[in-house]
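Have a look at the structure below, then the notes.
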Amino acid sequence: MAVMVNSSDQNETTSKEASQLCALLKEMKEGLDLVRSKVQALTLKVKENQFPTTHGLSYLDAKNFLLLSYCQCVVYYLLRKAKGLSIEGHPVVRSLVEIRLFLEKIRTIDKKQDYQIQKYIRGSANTEEKEDANKEKADTSTKPVDLLSYRPNPGMIKSKSTNHEGSDKYVPPKFVPTAMDEEKVSKSEKLAQRRDKQILRQANQSTVMRDILNDMEGKPEELREVVGAESREAIQYREKMNKRARQEEEIFTRVPFTKAEKKQGKHLKKSRNGLVGLSEDFYDDVSSLPLNEDGDEGPSSFSNSNRGGKKQFKRKRRH
């Protein structure tokens, strides 16, 4: 009886699994037929040199094939480990090591080609978007155009101003008046301001006023190589050199001297006797001081005299 029960159970299980096995075999046969047809077509193209592999494969295709082969080897390796089979000396291990070495070698190429690949991907995405937009435009262009959409809008023509008078006269819009912040300055005040600025500029350039200000502010005395008063040319040259030094410190480079600057520097070094600037800016130093009680610019004796020390000759009249 036990033998009869076991045989009946086996018959039931085989009958149940037979249908599933038939379906799987049918699916496998269809898949094999499809693969065989594709492989035969590819091999025929390769033999006739019609397949685009005559000049080799592209980098991305080769990388995809390597990754696919690596995945297949990993799956087969896991299958043997799951079944408890030995993998010692099996060629799948050698294939895994070889493919992994290839993938490690091409990692530097991936880094170099990453920007170009991303650029191509973005370009393809943009082209697809443009194609979709063109399709949408084509679809909209095929639709019938409503001519009433081009009619004038009365709401836009209607005037929105509410300040209507009895007559149809044009009334210009009223703007908010603005007041100028600048105060009106008379001509005499402008002249006085200009005179004050000129006096201040002369005082800053004057060696006498500079020495007086330094004494009043308690600044230390400046040691100079020149004995006596410096000429105006020497003062201007020194200020120019100071400005040049500040610019060189800002840009961290030396600015070369021109021939004229070298010649001027040699000339000023030769004339360091302290007598050049005694009478050069004497009038400017004195004119900046308020000597008159009436508040004039300077003494009339200095203003009427010739600054250059040249003699004034009277012009002879022809009879």
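The values are calculated or read from the model by the stated rules, or taken from the named source; none is laboratory data. Being a predicted model, the structure only gives us computed values, none of them experimental. Backbone-built Cβ (ideal geometry, glycine too); neighbour counts: all protein chains shown.
Okay, here's what the table says:
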quantity	calculated
Qualifying residue in segment 87-109 (condition: under 26 Å from Val46 (Cβ atoms), among the aromatic types (Phe, Trp, Tyr), in a helix (DSSP H, G or I) and in contact (Cβ under 8 Å) with a residue 12 or more places away in the chain)	yes
Only listed residue being surrounded by 10 or more Cβ atoms within 10 Å (Cβ to Cβ), under 46 Å from the mean Cα position of the chain (by Cα) and modelled with pLDDT of 85 or more, chosen from Gln205, Gln236, Gln198	Gln198
Residue list for segment 40-61, filter: more than 30 Å from Asp110 (Cβ to Cβ) and either modelled with pLDDT of 80 or more or assigned to a loop (DSSP other than H, G, I, E, B) (or both)	Gln40, Ala41, Thr43, Leu44, Glu48, Asn49, Gln50
Options Arg254, Arg246; residue that is modelled with pLDDT of 75 or more and either closer than 23 Å to Lys270 by Cα or part of a helix (DSSP H, G or I) (or both)	Arg246
